[in-house]
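Worksheet: one structure, shown below.
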Amino acid sequence: MMALGQAALGDEIRIGSKRFTESYILGEILTQSVVAAGETSAAHKPGLGNTAIVFAALKSGAIDAYPEYTGTIDKEILKNATVSDLASLNRQLAPLGLGVAVPLGFNNTYALAIRADQAEKLGIKTLSDLAKHPELRLGFSQEFIGRADGWDGLKRAYGLPFATPQGIDHGLAYDAIANGQIDLTDIYATDAKIEKFKLRVLPDDRSYFPAYEAVVFYRLDVALRFPKSWTALQRLTNTIADRRMIHMNAEAELNGKDFATVAGDFLREQRGAAAVRGSSKRGFWDKLFAEDFGRLTAQHLLLVFVSLALSIIVAVPLGIWAARSSAMAKWVLSLSGVIQTVPSLALLAFLIPVFDRIGTLPALAALFLYALLPIVRNTYAGLTQIPLSLRESASALGLPALPRLRLIELPLAMGTILAGIKTAAIINVGTATIAAFIGAGGYGERIAQGLALNDHETLLAGAVPAAVLALLVQWGFDGLERWIIPAGLRAA
Amino acid sequence: MKSDSSPIQLYDVRKSFNGHDALAPVTLSFRSATTTVLIGPSGCGKSTLLRVMMGLIQPSAGQVEISGVKLTHQNALALRHGIGYVIQDGGLFPHLSAASNVTLLARHLNWTEQKIVARVQQLAALVRLELGTLQRYPRELSGGQQQRVALMRALMLDPPILLLDEPLGALDPVIRFELQEELKAIFSQLKKTVVMVTHDMSEAAFFGDEIILMRAGHIVQRGAPMDLLERPADAFVTAFIRAQRALPQPAHAL
């Protein structure tokens, strides 16, 4: 009765998680455990972001608990210089109304990994050995680069010679290191892909990294408000060994199981066939308007419109040039046509070595190149379609070439040029989804994740907003045409 | 010869397209403050001649002098400021209002607003257009109104020379008749050197102080309208005049 009453008030337990597989899975396990306790309802807010964001959510009460690691709380959140044990952490967190509990049983420490064959060749066995090889190329997750217990501290602790490392999405780092674009990356000890990609984890021989015991980071009031649920969570203590966690990560990342299923399987194994699952499964709408919606939208807009702006700056003059000289026209139009025929993934793959990096820059370059053709072609067509009588009239007035272009020719061609820009923008909205595959973000991130995990709803949660954005861009340009195209050229 | 004060002088001007002579070598001068009509069948070279005089197309040989200055690629733009040019459909820029069409060049040359307004009022009165009409876009104007605006545009800088390429060719007969009357009055009032291209003999006779009849890039005969009627140079002239007169002439014709 009491549980029902609380649920009716909208008082549910909200579990958060960070943006990587393990956190998603642990978040699901916590959520399903609460549901199974039957005391109140639970909701999983998955993949909220990095530590700072998820911690802020916990502090503000937007979430009640999330899976975290002791080392992260110690160094990153409390910024302690020395290592604290669980009791010490709790003493420091109590004034914030927060606590850590339920050590889950594994230590997911940060570690650095290198290709096994390269380690062999260079004779690198431990982190200390890195000091002798300043030529190694570093690709670290942005979080590792920025964290207090991350790169800067490690570099000092080992006296490493390297300059600024390259930022790379953790999910992409494995491919980048496997095909030799980077030599060294940060990994978690429980990553599923270490073996798959034949990497060697370098031992932390100076014990720089603190322990990263997986724990439940929670608001103290949760334990008081929902004692049955809290007891259920406490039963998870020491149930997940390192190997068990690696296995679950592999189930999601390599075998395509969704996070809820992996979590459900684990709980069923713990408690027999009666385990409850599925009630906390996120629907499509939750996935669509998940917390990353704003960030992905901003990234997508940046990719589309920055590349479009650059393209306009280059393509319109090229189109004007082509319209002046037929020899030029042949070259410009066929070259931009050839670019258009290169498949987008191939173009991205080609641009990564050109820029020597993944992410936004090569993605912008690819979108810029794709946008050239429609704009060049339409500028050329718009200018060459101006009737001879009008071009001669402009000439006959005695207007020099530049004012003629500005006052007469460009305004007359504006409708066609704008149509080309509109086409380019719409194509860019679609093509920009590919950019996620090289770590440039945007809606494609969900498509990539949905594909990786074989989750169609997540895939649609990326594809649908991209389609809507394409429509909005189309309408936006239709409106713009009314502003920009001279009144005298519009239908009466 | 160069001391000749003729506003337009052509020396051995030839133009060929793809090896075919559109214009045989032509030496020609136009007299100041008179209206000369270029006439002939389609493709006789009359429009080509006009465009060579504007510098819109380069002659294959020979040279053109405008008011004693040799027309070159470099000075063509400046020389065109001394020439008004009107074509068959007006050549008005559809994206600009009639007023903007008329004032475009003056604004480019940084005329004061005061001077522009005064000149537009003067020209509107001359071509009998209401100032309100000038606020419209070309597509909102009738064919006759468009040609009046085109004439205003051509006259904006008060050029001594006016070149017209079938200016009334696209108009219906009634409007055309009216505009012929008005144009002739305007020409005689302004005392410009006018060169007009037409293929209509009655129009040529109506406007021309002098008529130049062309055929296949050659000048066949040049003279006052009555000369051509009474002393045709050859059978072509006779045939051309007769064909033209046969169409619209009322009963009093011979």
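In the stretch B:199-219, the condition of being closer than 28 Å to residue B:77 by Cα, crowded, with 17+ Cβ neighbours inside 10 Å, within 14 Å of chain A (Cβ to nearest Cβ) and touching a Leu at 6+ places or on another chain (Cβ under 6 Å) is met by no residue. Residue count for the stretch A:174-193, restricted to those that are within 17 Å of residue A:250 (Cα to Cα), buried (at least 20 other Cβ atoms within 10 Å of the Cβ) and out of contact with any Phe, Trp or Tyr (no Cβ under 6 Å at 6 or more places or on another chain): 5. The lone criterion from (1) within 17 Å of residue A:50 (Cβ to Cβ); (2) not in a loop (DSSP other than H, G, I, E, B) left unmet by residue A:175 is number (1). When B:141, B:179 are screened for being buried (at least 19 other Cβ atoms within 10 Å of the Cβ), touching a residue at least 40 places away in the same chain (Cβ under 8 Å) and hydrophobic (A, V, I, L, M, F, W, C), only B:141 passes. Any chance the stretch B:70-93 includes a residue that's more than 25 Å from residue B:7 (Cα to Cα), surrounded by fewer than 22 Cβ atoms within 10 Å (Cβ to Cβ) and at the interface with another protein chain (Cβ under 9 Å from one of its Cβ atoms)? Looking for residues that are more than 25 Å from residue B:7 (Cα to Cα), surrounded by fewer than 22 Cβ atoms within 10 Å (Cβ to Cβ) and at the interface with another protein chain (Cβ under 9 Å from one of its Cβ atoms), one finds at least one in the stretch B:70-93, hence yes. So is residue A:434 crowded, with 20+ Cβ neighbours inside 10 Å and modelled with pLDDT under 85 or not? It is true that residue A:434 is crowded, with 20+ Cβ neighbours inside 10 Å and modelled with pLDDT under 85.
Among the residues of the stretch B:7-23, are any more than 14 Å from every other protein chain (Cβ to nearest Cβ), surrounded by fewer than 21 Cβ atoms within 10 Å (Cβ to Cβ) and touching a residue at least 60 places away in the same chain (Cβ under 8 Å)? Yes, the stretch B:7-23 contains at least one residue that is more than 14 Å from every other protein chain (Cβ to nearest Cβ), surrounded by fewer than 21 Cβ atoms within 10 Å (Cβ to Cβ) and touching a residue at least 60 places away in the same chain (Cβ under 8 Å). Out of the strands (runs of 3 or more DSSP E) lying entirely within the stretch A:31-131, which hold 3 or more residues that are touching a residue at least 60 places away in the same chain (Cβ under 8 Å) and exposed (fewer than 15 other Cβ atoms within 10 Å of the Cβ)? Because the criterion is at least 3 residues that are touching a residue at least 60 places away in the same chain (Cβ under 8 Å) and exposed (fewer than 15 other Cβ atoms within 10 Å of the Cβ), no strands (runs of 3 or more DSSP E) in the stretch A:31-131 meet it.
Within the stretch A:200-241, restricting attention to residues that are in contact with a Gly (Cβ under 8 Å, 6 or more places away or on another chain) and of a type in the set (Val, Ile, Thr), the residue that is surrounded by the fewest Cβ atoms within 10 Å (Cβ to Cβ) is A:237. The residues in the stretch B:28-68 that are in contact with a His (Cβ under 9 Å, 6 or more places away or on another chain) and within 23 Å of residue B:234 (Cβ to Cβ) can be counted, and the count is 7.
When you scan the stretch B:117-138, how many residues do you find that are outside any helix (DSSP H, G or I), away from chain A (no Cβ under 14 Å) and surrounded by fewer than 20 Cβ atoms within 10 Å (Cβ to Cβ)?
Restricting attention to the stretch B:117-138, the residues satisfying the condition of being outside any helix (DSSP H, G or I) are B:128-130, B:136-137.
Okay, now just the ones that are also away from chain A (no Cβ under 14 Å), so B:128-130.
Then drop every residue that is not surrounded by fewer than 20 Cβ atoms within 10 Å (Cβ to Cβ), which leaves B:128, B:130.
Counting residues in the stretch B:117-138 that are outside any helix (DSSP H, G or I), away from chain A (no Cβ under 14 Å) and surrounded by fewer than 20 Cβ atoms within 10 Å (Cβ to Cβ) gives 2.
Right, residue A:384: surrounded by fewer than 18 Cβ atoms within 10 Å (Cβ to Cβ), more than 7 Å from chain B (Cβ to nearest Cβ), out of contact with any Cys (no Cβ under 6 Å at 6 or more places or on another chain) and under 28 Å from residue A:479 (Cβ atoms) or not? Spelling it out, residue A:384 is indeed surrounded by fewer than 18 Cβ atoms within 10 Å (Cβ to Cβ), more than 7 Å from chain B (Cβ to nearest Cβ), out of contact with any Cys (no Cβ under 6 Å at 6 or more places or on another chain) and under 28 Å from residue A:479 (Cβ atoms). Kindly indicate whether residue A:310 is over 30 Å from residue A:468 (Cα atoms) and at pLDDT 90 or above. Against the criterion (over 30 Å from residue A:468 (Cα atoms) and at pLDDT 90 or above), residue A:310 does not qualify.
Residue by residue, here is whether (1) away from every other protein chain (no Cβ under 14 Å); (2) surrounded by 16 or more Cβ atoms within 10 Å (Cβ to Cβ); (3) under 30 Å from residue A:167 (Cβ atoms); (4) modelled with pLDDT under 85 holds:
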| position | (1), (2), (3), (4) |
| --- | --- |
| A:316 | yes, yes, no, no |
| A:323 | yes, yes, no, no |
| A:330 | yes, no, no, no |
| A:350 | yes, no, yes, yes |
| A:367 | yes, yes, yes, no |
| A:380 | yes, yes, no, no |
| A:393 | no, yes, no, no |
| A:400 | no, no, no, no |
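In the stretch B:101-116, the residue that is surrounded by the fewest Cβ atoms within 10 Å (Cβ to Cβ) out of those that are within 22 Å of the chain's Cα centre (by Cα) and more than 8 Å from chain A (Cβ to nearest Cβ) is B:106.
So residue B:64 fits all but one of (1) hydrophobic (A, V, I, L, M, F, W, C); (2) surrounded by 17 or more Cβ atoms within 10 Å (Cβ to Cβ); (3) closer than 27 Å to residue B:176 by Cβ; what number is the exception? Of (1) hydrophobic (A, V, I, L, M, F, W, C); (2) surrounded by 17 or more Cβ atoms within 10 Å (Cβ to Cβ); (3) closer than 27 Å to residue B:176 by Cβ, only one is false for residue B:64: (3).
The values are calculated or read from the model by the stated rules, or taken from the named source; none is laboratory data. If you're wondering where the values come from, they're calculated on a predicted model, not measured in any experiment. For neighbour counting, all protein chains shown are included, and Cβ atoms are generated from backbone atoms with ideal geometry for every residue, glycine included.
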